[in-house]
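Structure first, commentary second.
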Amino acid sequence: MAGTTTRPVARGRRLISLPGVYRPQADTLLLQTALAGEDIGPGHHALDIGTGTGAVALRAAATGATVTAVDTSWPAVLAARLNAVRLRLPLTVVHGDFDAAAAGRRYDLVTANPPYVPSPDRELPTRGANRAWDAGADGRGVIDPICASAPALLRPGGVLLMVHSAMCDSDRTVDLLERGGLDARVVARRDVPWGPVLRSRRAWLQERGFAAPGEQWEELVVIRGRYT
């Protein structure tokens with residue numbers, strides 16, 4: 001297909017990525033690693049929020065679980081569907097908001113790689129590639145709604161795995177999940193070099209207190225919440 005590329009993911013597999021679709025990066029791999037530690041397989045139901053190319057959703061589907069993936073980007077929905085066909089894995093991919101996609105259903109596992117980069121634009125973008133990373137003035141424009149919805153998305157004993165930057169306050173994420181009745185904690189961390197988006201906002205991030213002068217590394221975290 002013209003304009004497509006393939007990108008490496010774990011275990012040597014390569015996924016198709018369309019223009020404007022978030023490609024698997026360090027946060028994707030960190031979330032996949034956390035997923036590998038969960039007890040999930042046939043008979044389990046999973047929801048992947050912000051699926052992008054489908055990298056995390058397809059890893060869950062490979063266990064035999066029944067997986068629904070959701071994204072607000074039509075190119076991402078198409079890419080995930082193409083990758084499911086290419087890898088011969090059953091995957092339901094839905095376009096739209098994750099609450100609407102869930103439609104009252106509850107899951108054994110919810111995975112999420114939401115937009116989490118603080119942005120000078122307080123409003124969440126509605127189009128363009130930056131929908132995959134821009135998340136409002138504090139970087140929590142999508143994280144907070146996921147935290148609020150987690151109790152309604154999970155079955156008793158169900159698990160949420162969400163990756164985001166420590167820059168947008170992992171302690172707050174843990175606190176919000178615990179207020180909703182989840183047993184929450186950070187289960188994985190990884191330092192990665194700043195990418196081009198953060199570098200382009202260095203002065204603004206420093207002015208707002210998100211970064212120290214000369215800072216060049218970003219800490220990624222995976223937060224696990226178990227609904228009790």
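Let me confirm something: among ARG208, ARG226, which residue is farther than 24 Å from ALA132 by Cβ and either touching a residue at least 24 places away in the same chain (Cβ under 8 Å) or touching a Phe, Trp or Tyr at 6+ places or on another chain (Cβ under 8 Å) (or both)? Selected residue: ARG226, the only one of ARG208, ARG226 that is farther than 24 Å from ALA132 by Cβ and either touching a residue at least 24 places away in the same chain (Cβ under 8 Å) or touching a Phe, Trp or Tyr at 6+ places or on another chain (Cβ under 8 Å) (or both). In segment 7-21, the qualifying residues are those that are in contact with a Pro (Cβ under 9 Å, 6 or more places away or on another chain) and in a loop (DSSP other than H, G, I, E, B), and the one that is modelled with the lowest pLDDT is VAL9. No other residue among ARG105, ARG81 is more than 23 Å from ARG185 (Cα to Cα), at pLDDT below 95 and among the basic types (Lys, Arg) apart from ARG105.
Inclusion of ARG127 among residues that are more than 14 Å from the chain's Cα centre (by Cα), free of Cβ contacts under 8 Å to residues at least 12 places away in the same chain and either surrounded by fewer than 22 Cβ atoms within 10 Å (Cβ to Cβ) or farther than 19 Å from TRP217 by Cα (or both) is warranted. For the condition touching a residue at least 24 places away in the same chain (Cβ under 8 Å), assigned to a strand (DSSP E or B) and in contact with a His (Cβ under 9 Å, 6 or more places away or on another chain), ARG155 qualifies. Scanning segment 128-166 for residues that are over 21 Å from ALA60 (Cβ atoms) and basic (Lys, Arg), which turns out modelled with the highest pLDDT? Among those that are over 21 Å from ALA60 (Cβ atoms) and basic (Lys, Arg), it is ARG140. Checked against the criterion of being within 14 Å of the chain's Cα centre (by Cα) and modelled with pLDDT under 95, the candidates THR72, THR51 yield just one match: THR72.
Once segment 162-204 is narrowed to residues that are part of a helix (DSSP H, G or I) and in contact with a Gly (Cβ under 7 Å, 6 or more places away or on another chain), the residue that is farthest from ASP121 (Cα to Cα) is LEU177.
Per-residue answers, yes or no, for (1) touching a residue at least 60 places away in the same chain (Cβ under 8 Å); (2) surrounded by fewer than 24 Cβ atoms within 10 Å (Cβ to Cβ); (3) on the phi > 0 side of the Ramachandran plot:
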| residue | (1), (2), (3) |
| --- | --- |
| GLN32 | no, yes, no |
| GLU38 | yes, yes, no |
| GLY43 | no, yes, yes |
| GLY52 | yes, no, yes |
| ALA60 | no, no, no |
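For segment 82-118, the set of residues classified as free of Cβ contacts under 8 Å to residues at least 40 places away in the same chain and either surrounded by 16 or more Cβ atoms within 10 Å (Cβ to Cβ) or under 25 Å from LEU220 (Cβ atoms) (or both) consists of ALA84, LEU89, LEU91, THR92, VAL94, ASP97, listed by residue number.
The values are calculated or read from the model by the stated rules, or taken from the named source; none is laboratory data. Only a predicted model underlies this, so the values are computations on that prediction, with no experimental measurement involved. With ideal geometry, Cβ positions are generated from the backbone for all residues, glycine too; neighbour counts draw on all protein chains shown.
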